[in-house]
Amino acid sequence: PIYPVGAGSEKTPKSVRVVDLEAPVRVFPGDKFTMTGYIQADGLTGRSLKTELVSVDAELQSAEEVLANEQRITLGPDGEIQAITFEITPDQIGRRRWSLRVIPPREDLDDSDNQKSANVEVVERKNQVLLLAGGPTREYRFLRNLLYRDSNTMLHVLVQSSPPGAAQEANDVLLEFPETPEEMFEYDCVVAFDPDWRKLSSEQIELLNRWVSEKAGGLIVVAGPVFTPQ
């Protein structure tokens, strides 16, 4: 027989930990984005601790850390998870590893959970948008003109009721919905204005589904009176 005998204090050890760090996977230079860290503590209610957000070039093995921001946080009740946010405006192209670390008090016994990291890639590319429309509605024409004049957007359009060769204010006028992953996965967003989904093959529908589920593609569907009821 084995008789376990507990020894020591029944009190929870004093500790602070970084639970998680949320950050976008991809951003553009000059576009501000938010990073959110989550901190939890036990036995340190009311204590004020310093947190640091640092970054390092993710492609280099021995890159120097850059202090991006620091804040102080007042710890809440035991086990409560607190959020702390940082606003970052990237100015360099490339992939960087961001780390949120909390400077622990002397009572903290475990240094392994005082930091969390996330990779963010800063890419210089224009937003790729596809406008799919069953017909040239007012909403479609308004958004088409707006995006075509946006210097940060590459606009492709597909108007299903439009005859071949019809002029459109766009960077590219499509005759068919994308049929290959190479074509579909280039888009960041698809805005569908009352489209006739029956004109898409089952393979194209499945490709659209993969684009949303695997590539986090942004799909916006705008209802209309012609094809939506069908």
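The calculated pair-distance distribution of the stretch 22-62 uses every alpha carbon pair, bins of 5 angstrom beginning at 0, and gives 5, 12, 18, 21, 17, 11, 9, 7, 0 percent. In order along the stretch 28-37, phi translates into HN-Hα couplings of 10, x, x, 8, 5, 9, 10, 10, 10, x Hz, rounded to whole numbers, per the Karplus curve 6.51 cos²θ - 1.76 cosθ + 1.60 with θ = phi - 60° and x for Gly and Pro. Applying 1/(1 + (r/R0)^6) with r as the Cβ-Cβ distance of Val222 and Glu59 and R0 = 45 angstrom yields a FRET efficiency of 0.65.
Please turn the phi angles of the stretch 59-64 into ³J(HN,Hα) values with the Karplus equation 6.51 cos²θ - 1.76 cosθ + 1.60 (θ = phi - 60°), one per residue in order, whole Hz, x for glycine and proline. Per residue, the Karplus-derived 3J(HN,Hα) values read 8, 9, 6, 10, 7, 7 Hz. What the Cα atoms of the stretch 154-221 give is an Rg and a Dmax of 11.9, 34 Å.
For the chain, the mean residue ellipticity at 222 nm estimated from helices alone is -3500 deg cm²/dmol, where every DSSP H run of n ≥ 4 contributes -39500 (n - 2.57) and the total is divided by all residues, rounded to the nearest 500.
The share of accessible area on the stretch 106-230 that comes from carbon and sulfur is 51 percent, using a 1.4 angstrom probe. Fully extending the segment from Ala7 to Arg72, taken as 0.36 nm per residue of separation minus the present Cα-Cα distance, adds 19.8 nm. When Phe227, Phe177 are compared by accessible area at a 1.4 angstrom probe, the order from most to least is Phe227, Phe177. Cβ-Cβ distance of Lys126 and Gln82, R₀ of 30 Å, FRET efficiency by 1/(1 + (r/R0)^6): the value works out to about 0.20. For the peptides 140-150, 7-17, the ranking by packing is 140-150, 7-17, with the highest mean count of neighbouring Cβ atoms within 10 Å listed first. Using a probe of 1.4 angstrom and keeping all protein chains present, the accessible surface of the chain works out to 61 square angstrom per residue. The chain has equivalent-ellipsoid semi-axes of 50, 22, 16 Å, by the square roots of 5 times the alpha carbon gyration tensor eigenvalues, sorted largest first.
Short to long, the 5 Å bins of the Cα pair-distance histogram for the stretch 56-136 hold 3, 9, 16, 19, 13, 12, 8, 7, 5, 4, 3, 1, 0, 0 percent of all pairs.
When you count the other C-beta atoms within 10 angstrom of each residue and take the mean per peptide, 158-167, 186-195 line up highest first as 186-195, 158-167.
The values are calculated or read from the model by the stated rules, or taken from the named source; none is laboratory data. For clarity, every value in this text was computed on a predicted model and none was experimentally measured. Neighbour counts are summed over all protein chains in view; Cβ atoms, including those assigned to glycine, are modelled from backbone coordinates with ideal geometry. Areas reflect the complete protein model, heavy atoms only, side chains present, ligands, DNA and RNA absent. Shrake-Rupley method; radii C 1.70, N 1.55, O 1.52, S 1.80 Å.
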